[in-house]
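Have a look at the structure below before the remarks.
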């Protein structure tokens with residue numbers, strides 16, 4: 001249903017929740033009025049336990065279509081996003097076939113997404129060996145930046161960049177003012193710690209992805225930014241040992257931003273059972289002390305954003321090796337539950353919901369230049385989420401919209417959940433989310 005207004009006692013305006021009425025028109029926020037202002041048309045009245053927040057802008061999602069649509073597709077991913085309060089996704093360039101490393105790969109993505117989107121979706125490009133000349137055309141075609149790996153990605157069609165290739169790609173991206181986003185683990189260190197035999201023990205998997213792999217790769221990224229002036233973004237930071245290095249880079253004035261993920265903020269290695277591949281991701285979930293340092297770094301502004309890194313796979317891929325964590329596909333499926341999970345963990349640490357929203361909506365929107373998203377302002381897109389602390393959320397993986405019902409969050413309970421999502425002024429029916437109001441996005445200069 002297309003709304004004309006929303007009235008609530010708690011609307012996030014700037015950094016504060018205030019009582020207000022939003023008037024909507026043609027998918028935009030037309031006015032912000034007093035809570036008792038008269039309004040006509042279809043008005044959504046929220047209960048006193050509800051908070052109206054900007055829609056989540058999730059800039060790290062693996063949708064996998066075309067080519068691996070049985071892992072996740074545009075319809076299932078965007079439905080999961082809508083049910084979890086995410087109104088904008090930026091799709092990663094790998095795990096689909098073809099990858100988004102050429103104009104043809106981008107067109108294949110755009111064609112596959114047509115008429116399937118429940119929320120807005122944009123696309124990252126990829127930087128891989130041999131596609132240096134493809135980067136500028138992809139940028140001109142509207143990708144939001146370029147992802148690269150410094151270690152094997154897990155799929156053959158998206159190989160990592162070696163040191164000379166990374167330097168060349170950074171120089172080219174700096175030339176046209178683009179953004180490089182980096183899976184920062186060092187290939188040599190990972191190879192040195194590669195297991196010689198299988199293991200179902202999470203502790204053994206953790207030893208195979210040491211902190212030093214992240215630190216070495218991040219040093220390489222910072223050196224590259226220093227030498228070329230390219231904007232760089234560190235993906236899915238898991239190791240708190242890299243925080244001093246990152247802070248020093250920011251203090252130096254390097255064009256650097258950093259993200260972490262809900263699973264690094266919600267879980268800890270001491271509490272992960274063995275032979276549980278739903279928790280396997282790369283880089284890995286580390287210990288409790290590490291987790292708390294990541295929270296402190298968010299509060300200090302060393303880490304800028306929180307994103308899902310939703311990386312689903314089939315049950316066959318996740319269970320490969322019958323619990324051998326070195327064989328199982330790595331990736332956490334958390335797109336639908338990420339905001340509610342982070343909000344619950346933040347509440348335990350007396351971190352306000354307004355700050356959670358800034359990390360997951362405004363800052364992510366700013367990262368990719370979507371100035372009309374991630375905020376409740378006159379003229380912004382009417383992309384909104386209703387988070388209700390009066391509704392308990394028990395996660396049941398079998399009821400998530402993700403194509404494959406596997407999730408590290410299965411069975412958890414949160415004292416609050418997203419109960420309604422509004423995309424361009426259209427309120428999505430959470431019981432029957434069957435409308436495709438989403439648009440394909442492209443970067444604008």
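The values are calculated or read from the model by the stated rules, or taken from the named source; none is laboratory data. Model, not experiment: these values are computed from the prediction. Note that each Cβ is placed from the backbone with ideal geometry, even for glycine, and that neighbours are counted across all protein chains shown.
The residues in the stretch 186-212 that are more than 21 Å from residue 240 (Cα to Cα) and surrounded by 13 or more Cβ atoms within 10 Å (Cβ to Cβ) can be counted, and the count is 5. Helices (runs of 4 or more DSSP H) fully within the stretch 140-220 that include at least 2 residues being touching a strand residue (DSSP E or B) at 6+ places or on another chain (Cβ under 7 Å): 163-175. A residue that is part of a loop (DSSP other than H, G, I, E, B), in contact (Cβ under 8 Å) with a residue 60 or more places away in the chain and buried (at least 24 other Cβ atoms within 10 Å of the Cβ) cannot be found anywhere in the stretch 410-424. Of the residues making up the stretch 370-396, those that are touching a residue at least 24 places away in the same chain (Cβ under 8 Å) and either farther than 22 Å from residue 443 by Cβ or out of contact with any strand residue (DSSP E or B) (no Cβ under 9 Å at 6 or more places or on another chain) (or both) number 13.
Residues of the stretch 95-121 that are assigned to a loop (DSSP other than H, G, I, E, B), crowded, with 23+ Cβ neighbours inside 10 Å and out of contact with any helix residue (DSSP H, G or I) (no Cβ under 8 Å at 6 or more places or on another chain): 95 alone. Counting only residues that are in a loop (DSSP other than H, G, I, E, B), under 28 Å from the mean Cα position of the chain (by Cα) and buried (at least 16 other Cβ atoms within 10 Å of the Cβ), the stretch 1-44 holds 2 of them.
What are the residues in the stretch 162-172 that are in contact (Cβ under 8 Å) with a residue 60 or more places away in the chain and surrounded by fewer than 19 Cβ atoms within 10 Å (Cβ to Cβ), if any?
167
Residues in the stretch 45-72 that are surrounded by fewer than 20 Cβ atoms within 10 Å (Cβ to Cβ) and within 26 Å of residue 342 (Cβ to Cβ): how many? Give the steps one after another, and end with the answer.
Just the residues of the stretch 45-72 that are surrounded by fewer than 20 Cβ atoms within 10 Å (Cβ to Cβ), to begin with: 45-49, 66-67, 69-70.
When the remaining residues are screened for being within 26 Å of residue 342 (Cβ to Cβ), the result is 46-49.
Residues meeting the conditions: 4.
Within the stretch 346-357, the set of residues being assigned to a helix (DSSP H, G or I), crowded, with 17+ Cβ neighbours inside 10 Å and out of contact with any strand residue (DSSP E or B) (no Cβ under 9 Å at 6 or more places or on another chain) comprises just one member, 346. Taking (1) surrounded by fewer than 24 Cβ atoms within 10 Å (Cβ to Cβ); (2) modelled with pLDDT of 95 or more in turn, residue 148 satisfies each apart from (1).
Here is the figure for the stretch 262-294: residues that are closer than 19 Å to residue 342 by Cα and assigned to a helix (DSSP H, G or I) total 16. Considering the stretch 358-369, and only residues there that are over 17 Å from residue 261 (Cβ atoms), assigned to a helix (DSSP H, G or I) and touching a residue at least 40 places away in the same chain (Cβ under 8 Å), the residue that is nearest to the chain's Cα centre (by Cα) turns out to be 365.
Condition check ((1) crowded, with 24+ Cβ neighbours inside 10 Å; (2) in contact with a helix residue (DSSP H, G or I) (Cβ under 6 Å, 6 or more places away or on another chain)) across all residues:
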residue: 219; (1), (2): no, no
residue: 223; (1), (2): no, no
residue: 226; (1), (2): no, no
residue: 229; (1), (2): no, yes
residue: 240; (1), (2): yes, yes
residue: 243; (1), (2): no, yes
residue: 248; (1), (2): no, no
residue: 253; (1), (2): no, no
residue: 261; (1), (2): yes, no
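Inspection of the stretch 207-221 finds a residue satisfying the criterion of being under 19 Å from residue 125 (Cα atoms) and either over 24 Å from the mean Cα position of the chain (by Cα) or touching a residue at least 24 places away in the same chain (Cβ under 8 Å) (or both). When residue 175 is tested against (1) farther than 30 Å from residue 432 by Cα; (2) touching a residue at least 60 places away in the same chain (Cβ under 8 Å), only condition (2) is not met.
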